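Here the structure is laid out as structure tokens; the discussion comes afterwards.
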Amino acid sequence: MKMRSVVRGLALILLGVSGFINAGSAGEPTAFELIKEGNRHVGEEAKDQVVQIRSEKSIGTLTPSIWYVVYFDPDATAKATEVKFGAGKKLSVKRPARVLEPFLGTHRPLNREKLKVDSDKAVEIATKEPLLNNLKLKATQLWLERQPWSAEDAPIWKVRIWAGKLRKPENDVDIGEVYISAEDGKVLKNDLHINKVD
């Protein structure tokens, strides 16, 4: 009887520890998770009709915490509704004036079937570029949008990266972008300038 209660006590302790670990590793929601959350704050016809997702520059980590999800909204004057998130929570819902987008063709929703690489994976791929091996990476900023140089309407991630300066590592500098296919995770273009860390 005593042995059974000891085993039960140990099991409860282990459950508590694993719950604590899982809660600690949950972290920031990914961009694709925010699409689902944003669906709750837009009209029926705008749900899942994502035109663009972008973040602000991350602070103290490589994972941004401020995100904007822009939906194609036929009921809005400029055909767009934008939901802003901070640490996974809705901060605001706006209908931005996207004046140039109809002329550039970037007002149409992204092809959801081609959205297979989420923001966390995009950061991981971008920061593993061989040029970055010896740098102290400090921050990222992301955009998910149509590939501007392709007629295929393929969605791409643009990942901007900041690294610590060599002489003053506490200061960071923008060293450029890596462009990644949101469909298969391939690096499409590398526009990094690591000489800026000097």
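Filter the range 166-186 down to residues that are in contact with an Asp or Glu (Cβ under 7 Å, 6 or more places away or on another chain) and modelled with pLDDT of 95 or more and give me whichever is nearest to Ile125 (Cα to Cα).
In this case the residue turns out to be Val178.
Take the conditions polar (S, T, N, Q), surrounded by 14 or more Cβ atoms within 10 Å (Cβ to Cβ) and either closer than 24 Å to Glu145 by Cβ or modelled with pLDDT under 95 (or both) and apply them to Asn39. Does it pass? Explain how you work it out, then say what you get.
Working: polar (S, T, N, Q): yes; surrounded by 14 or more Cβ atoms within 10 Å (Cβ to Cβ): yes; either closer than 24 Å to Glu145 by Cβ or modelled with pLDDT under 95 (or both): yes.
The answer is yes for Asn39.
Show me the strands (runs of 3 or more DSSP E) entirely contained within the range 119-198 in which 1 or more residues are surrounded by fewer than 17 Cβ atoms within 10 Å (Cβ to Cβ) and of a type in the set (D, E, K, R). If you could, list the steps in order and put the result at the bottom.
On the way: elements: 137-146, 155-164, 172-181, 187-192.
Of the strands (runs of 3 or more DSSP E) lying wholly inside the range 119-198, those with at least 1 residues that are surrounded by fewer than 17 Cβ atoms within 10 Å (Cβ to Cβ) and of a type in the set (D, E, K, R) span 172-181, 187-192.
If you go through the range 161-198 one residue at a time, how many are in contact (Cβ under 8 Å) with a residue 60 or more places away in the chain and more than 13 Å from Thr140 (Cβ to Cβ)?
Initial filter on the range 161-198 (in contact (Cβ under 8 Å) with a residue 60 or more places away in the chain): 162, 180-185, 187, 190, 192, 194, 197.
Imposing the further condition that a residue be more than 13 Å from Thr140 (Cβ to Cβ) reduces the set to 181-185, 187, 190, 194, 197.
Matching residues across the range 161-198 total 9.
Out of all the residues in the range 113-129, which are in contact with a helix residue (DSSP H, G or I) (Cβ under 9 Å, 6 or more places away or on another chain) and within 17 Å of Val69 (Cα to Cα)? Give the derivation first.
First, pick out the residues of the range 113-129 that are in contact with a helix residue (DSSP H, G or I) (Cβ under 9 Å, 6 or more places away or on another chain): 115, 117-120, 122, 126.
Leu115, Val117, Asp118, Ser119, Asp120, Ala122 - these are the residues of the range 113-129 that are in contact with a helix residue (DSSP H, G or I) (Cβ under 9 Å, 6 or more places away or on another chain) and within 17 Å of Val69 (Cα to Cα).
The values are calculated or read from the model by the stated rules, or taken from the named source; none is laboratory data. As the structure is a computational prediction, the values presented were derived from the model and not from experiment. For neighbour counting, all protein chains shown are included, and Cβ atoms are generated from backbone atoms with ideal geometry for every residue, glycine included.
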